[in-house]
Every structure is written in structure tokens, then in C-alpha cells.
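Colleague: My questions will all concern the structure given below.
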Amino acid sequence: MKDQTSIDKTVLKKVLLKKVFKSEHLPFVTNRQIHHWKEIKIVDDHREYAASGMKSKYNVLDLIWINIISEMRSFRISNSIIKEVKSFLYLDTEEGLQPKVTLFEKMIVETIFNKKTLFLVLLKDMSVKLLNKEEYILTLTIGNLHHHFSLDVTYLIWEILAIVDFDNDIKSIIQHYKNTDNE
């Protein structure tokens, strides 16, 4: 993927699923927080044995999810609600794809590939929605979103990509975005 100006969805997905990042690449969260989140099962445990003990490696999707958790916790959203959000986001899509593709994975790939804005919305009744910018604005305009919490997931995605831009594949994704930007 080095020095390419265009990226297809398959290559993008492969880059996003590559487990090469460590918790030390995440300046906004501590190892202690991540281990706690693993214990309560809001972060999946991807540890492998190494000579120095158990080591975790993460892919970009994991890093984005950890960033979402961190943001939600900064607004004092409980771990039990975060578990509900995870259950919603990690449902398999109904597209019959093999291997299975989660809603979260599909939405992240689509957001990066199509340069769409994506909002994660928590309603007062604790239901969860993923809405693109147009859907979010329309839902707000017609008055269907009262007392809700929302995160601009697109911002969190690009925040993570900027943090791990030392990886050549990630640099290619960022370069692709810049090369096809219609400013």
C-alpha cells in the first residue's frame, strides 16, 4: 500500500484490522484503564504471550473503540451503558458476508472510504443509533432527538489515524483522503 493515491475498501479493511499497535500509542488512556475495561468486557482481550509476559496488540478499529469509550467515560457515561453500546455496534451485519462484518467495522470503513460524517447517538431510553450527518440533522430538525448524547465518531476516527500516522499504511489512508479531498 505504500505511496498509493487510491485505496479500495478491501485494502482499507485489511489495514484497519492489522494488529500492530500497543496501548502506549494511546496518550488519552492509561494501561490501568484498558485492563479494567478488559476485565469488565467492554474491551476485547487480544493478549498474546511474549518473552516478557502477556502483551496486547490492537488494530485501528480497537483503538477507535477505546477512544469512544474514553470519550463516553469523560462524560460520565456508565460502563453498563457502554456495554450496551458495544453490543449494538458489534452486531454482525445482515449482509451474509464471510468472515462476519460487524456494524462498527462496516460503518468505520464506509466513513473513511466515503468521507462521511458519522454520529453515535445515545437516547434517553438508552437505545443507540449510528447516524450520518444528514440523518442526524434531519432527526434533530423534526424533533425526534430529545435529551440525547452524541459523539462525532468521524472526529474520533481521524484523531486515532493522526496518532498512529507513523505506520506507512495509515499514512497511505491519510494521503488518499488528502488527494481526493474536494475542498
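The values are calculated or read from the model by the stated rules, or taken from the named source; none is laboratory data. None of the values given here were measured: they were computed from a predicted structure. In this analysis, Cβ positions are derived from the backbone assuming ideal geometry, glycine residues included, and neighbour counts consider all displayed protein chains.
Colleague: Being crowded, with 18+ Cβ neighbours inside 10 Å and assigned to a helix (DSSP H, G or I) is the filter here; which residues of segment 24-42 pass it?
Modeller: Across segment 24-42, the qualifying residues are 34, 37.
Colleague: I've got another one for you. Does residue 54 satisfy being at pLDDT below 80, hydrophobic (A, V, I, L, M, F, W, C) and either surrounded by 12 or more Cβ atoms within 10 Å (Cβ to Cβ) or touching a Cys at 6+ places or on another chain (Cβ under 6 Å) (or both)?
Modeller: For residue 54, the condition - at pLDDT below 80, hydrophobic (A, V, I, L, M, F, W, C) and either surrounded by 12 or more Cβ atoms within 10 Å (Cβ to Cβ) or touching a Cys at 6+ places or on another chain (Cβ under 6 Å) (or both) - is not met.
Colleague: Let me ask something else. Return only the number of the condition from (1) within 19 Å of residue 58 (Cα to Cα); (2) exposed (fewer than 14 other Cβ atoms within 10 Å of the Cβ); (3) at pLDDT below 85 that residue 146 does not satisfy.
Modeller: Failing condition for residue 146: (1).
Colleague: Now a separate question. Can you give me the number of residues within segment 8-23 that are in a helix (DSSP H, G or I), in contact (Cβ under 8 Å) with a residue 60 or more places away in the chain and either farther than 16 Å from residue 68 by Cβ or more than 14 Å from the chain's Cα centre (by Cα) (or both)?
Modeller: Residues meeting the conditions: 4.
Colleague: Give me the pairs, please: first residue somewhere in segment 28-47 and closer than 12 Å to residue 62 by Cα, second residue anywhere and aromatic (Phe, Trp, Tyr), beta-carbon distance under 6 Å, and either six or more positions apart or on two chains.
Modeller: Qualifying pairs under 6 Å: 43/37.
Colleague: Looking for whichever is touching a helix residue (DSSP H, G or I) at 6+ places or on another chain (Cβ under 8 Å) and within 20 Å of residue 73 (Cβ to Cβ) here; the options are 174, 157, 170. Which one fits?
Modeller: Only one candidate qualifies: 157.
Colleague: Among all residue pairs at least 6 apart or on different chains, which show Cβ distances below 8 Å where the first residue, located in segment 120-131, is at positive phi and the second is outside any strand (DSSP E or B) and at pLDDT 85 or above?
Modeller: Filtered contacts from segment 120-131: 126/81; 126/84.
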